[in-house]
1. State whether one or more residues within region 65-87 are out of contact with any Pro (no Cβ under 8 Å at 6 or more places or on another chain) and aromatic (Phe, Trp, Tyr).
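The values are calculated or read from the model by the stated rules, or taken from the named source; none is laboratory data. These numbers were taken from a predicted model, which means no experiment stands behind them. Virtual Cβ from ideal backbone geometry, glycine too; neighbours counted across all protein chains shown.
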Amino acid sequence: MPILASLVPKPTPMDPPTTPIRIIALLHLTGAVHACLNDFFNVKGIDLRHQESLMVDVEFTSENIPSILPLRISEILHIKEGVAWMLQAFVLDWNEQLEAKRQIEL
């Protein structure tokens with residue numbers, strides 16, 4: 001039996017959980033997506049708020065939407081390509097305004 005005991009791996013200390021960081025990041029993404037979609041609806045009158053959970057699931061963020069092909073956005077969100085172009089342009093402007101606001105607050 002001692003031979004078998006030497007073949008069994010010894011327990012190693014567990015890595016600290018990363019879930020809290022992931023949850024915080026997810027909450028940040030969800031909040032930004034939520035705010036952006038609300039503003040898009042208020043400014044453009046196009047309601048994509050029902051797509052919020054899908055956008056979070058595929059990790060569409062205000063930071064990466066401007067670099068995603070509008071055709072791909074339209075395929076994933078099941079919207080017309082023209083709406084995807086409008087969303088992309090809006091998010092680009094929205095990001096610039098958000099960054100300007102952050103600079104003022106500093």
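1. no
Here's the yes/no breakdown for (1) modelled with pLDDT of 95 or more; (2) farther than 22 Å from residue 96 by Cα:
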residue	(1), (2)
20	no, yes
35	no, no
48	yes, no
55	no, no
58	no, yes
62	no, no
66	no, no
72	yes, yes
77	yes, yes
